[in-house]
């Protein structure tokens, strides 16, 4: 536990003594996706300094919420990799993180310029609303230097980081506009017409793939 404490005999206060510091729950959020390296955690949280990350990891480790994972050198071609993962206590925060996320989307402040989308967490959010519809397409979502590819038309949700394959449709936008497309009530076609969201692909596939993308994630009005 850090030096700050509410000193209250209350479960909420005791929980916040452990995870109430800034960045802490976001670290737990990212580790819910699986073990991650120090550099991966730092890259996924713009604005978090390396010194503060080290401090938060140390505090969470001492509290028994995360643990260091040492990968055997034989499994990494001779390189020793250090990862961080959640303990059983840390994984117990999953429903709390999920509930906070739902509450934040409904009641939190509107996105503003400079906000970032965590692409590592984006597939988790998208998978909640996915259902099989239409043809099979490979759709890429991109913003800045970040991208993920989604395979549509499959029974189960599938995604992959980056852009390893040639997509049928690329959906390109800044973070604020991409958030508006995926998580707000703004009309998708209006976002395209205004130029805030750009569609790229062959003329024969673009319209159909876009339509199936909207239906796959229930994004139409």
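Restricting the range 20-46 to residues that are at pLDDT 90 or above and over 20 Å from residue 83 (Cβ atoms) leaves a set whose member that is surrounded by the fewest Cβ atoms within 10 Å (Cβ to Cβ) is 22. Scanning the range 154-175 for residues that are surrounded by 13 or more Cβ atoms within 10 Å (Cβ to Cβ) and part of a helix (DSSP H, G or I) turns up at least one hit.
Looking only at residues in the range 120-152 that are in a helix (DSSP H, G or I) and farther than 18 Å from residue 177 by Cα, the one that is farthest from the chain's Cα centre (by Cα) is 127.
Got at least one residue in the range 119-130 being in contact with a helix residue (DSSP H, G or I) (Cβ under 8 Å, 6 or more places away or on another chain) and closer than 20 Å to residue 19 by Cβ? Checked the range 119-130: at least one residue is in contact with a helix residue (DSSP H, G or I) (Cβ under 8 Å, 6 or more places away or on another chain) and closer than 20 Å to residue 19 by Cβ.
The values are calculated or read from the model by the stated rules, or taken from the named source; none is laboratory data. Remember, predicted model here, so these are calculated numbers, not experimental data. When we count neighbours, we look across all protein chains shown, and the Cβ atoms used for this are built from the backbone with ideal geometry, even at glycine.
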